[in-house]
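The structure under discussion appears below in the form of structure tokens.
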Amino acid sequence: MTFIYKGHEEKIPEIKCWYPKAIVYDPIKAGSIDGTDNEPHDAGIIRALNSEYKTSYKAKGNPLNTIFVGRLSLDTTEKDLENEFCRYGKMIALRLVKDIITGLSKRYAFIEYETFKMALNAYVLCKKLVLKNSEVFVDFECGRLLPGWKPRRLGGGFGGEKQSGQLRFGGRIRSFRPPLNLVEFKKNRLNNEEDKEIRKSITTSRSTDNMHSNSIGVSTTSAPSIISLPLTPPSQPAIVLPLTPPLYSNALVPLTPPSQSIIVLPLTPPLNSTVTLPLTPPSHSITSLPLTPPSNSIPPS
């Protein structure tokens, strides 16, 4: 594949590395989102492959100092361009491309500055410039700088609309996306996997060491030889005993509980673990029995 530069034909150099921007224009590569296609996928790419492009005889001056201004409105004039782009440097030449038959603007122009720094200044500051209610596109000239260049009218160029189905990548508007089979991406993925394996092994070794230290600590600890139990009595269980016998003197067991005070003995010993019993019975603990039988008693036969 060849291109014509400065009046003679030169061979397009072969590119073996991936770049986000096109340094050599290939219509097939420009038609793919990552620049890795080998076959054309639309009619515009086939038209660009079968066409030959020569720079216009009107293109003069230094191409490194020339910028391309596209997507202009139809009513934009050369005076409008001069008033806008003169702020970024000293302009030497300005050419608004027009149709030969109708004389109407083709909506793009070329502006040459005195130095490359001025052209670069306009390139950087006019990225999303709005001129006459239209967002213009500013880039460096590709016809004399980019080997193998094919303009949009021949099926090449950069950018494009999604509705047309003929998007072109590798330019300032849409750069190439990184392909999935890049060697550098594979290396990064492998390095990430190795890092994960190293972290996993370190975590496993730390958990094993912790388990080993815990097992040693359990085996060396001796069990307690003394078990302390509280001597305080519980609040619920107790034995209830009456202090005095019931009021009835007969031998019949009453069906109702006595009305006198009672002694509550806990099931467990108190805090001092000793129980003190009096040597003599209390005064109210003696029950007197009548010497004569009661009146309702049955006489002996």
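Okay, here's what the table says:
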| read-out | value |
| --- | --- |
| The range 108-118, residues that are touching a strand residue (DSSP E or B) at 6+ places or on another chain (Cβ under 7 Å) and either open to solvent by 20 Å² or more (accessible area, probe 1.4 Å) or farther than 30 Å from Ile45 by Cβ (or both) | Tyr108, Phe110, Glu112, Tyr113, Glu114 |
| Counted residues, the range 108-125 - those being assigned to a loop (DSSP other than H, G, I, E, B) and of a type in the set (S, T, N, Q) | 1 |
| Boolean, Ala93 is in contact (Cβ under 8 Å) with a residue 12 or more places away in the chain and crowded, with 18+ Cβ neighbours inside 10 Å | no |
| Test: residue in the range 175-185 that is crowded, with 17+ Cβ neighbours inside 10 Å, modelled with pLDDT of 90 or more and either at positive phi or touching a helix residue (DSSP H, G or I) at 6+ places or on another chain (Cβ under 9 Å) (or both) | no |
| Filter pass, Lys128 being in a loop (DSSP other than H, G, I, E, B), modelled with pLDDT under 90, touching an Asp or Glu at 6+ places or on another chain (Cβ under 9 Å) and surrounded by fewer than 18 Cβ atoms within 10 Å (Cβ to Cβ) | yes |
| Total residues in the range 50-83, condition open to solvent by less than 70 Å² (accessible area, probe 1.4 Å) and either closer than 21 Å to Gly159 by Cβ or β-branched (Val, Ile, Thr) (or both) | 16 |
| Single condition Asp42 does not satisfy, out of (1) under 39 Å from the mean Cα position of the chain (by Cα); (2) free of Cβ contacts under 8 Å to residues at least 60 places away in the same chain; (3) farther than 20 Å from Gly143 by Cα | (2) |
| Selection within the range 96-107 - closer than 21 Å to Cys142 by Cα and either part of a loop (DSSP other than H, G, I, E, B) or open to solvent by 50 Å² or more (accessible area, probe 1.4 Å) (or both) | Lys98, Asp99, Lys106, Arg107 |
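The values are calculated or read from the model by the stated rules, or taken from the named source; none is laboratory data. Note that this is a predicted model, so its numbers are computed, not measured. Because the Cβ atoms are built from the backbone with ideal geometry, glycine has one as well, and the counts that use them run over all protein chains shown. All accessible areas refer to the heavy atoms of the entire protein, side chains included, with ligands and DNA or RNA removed. Shrake-Rupley method; radii C 1.70, N 1.55, O 1.52, S 1.80 Å.
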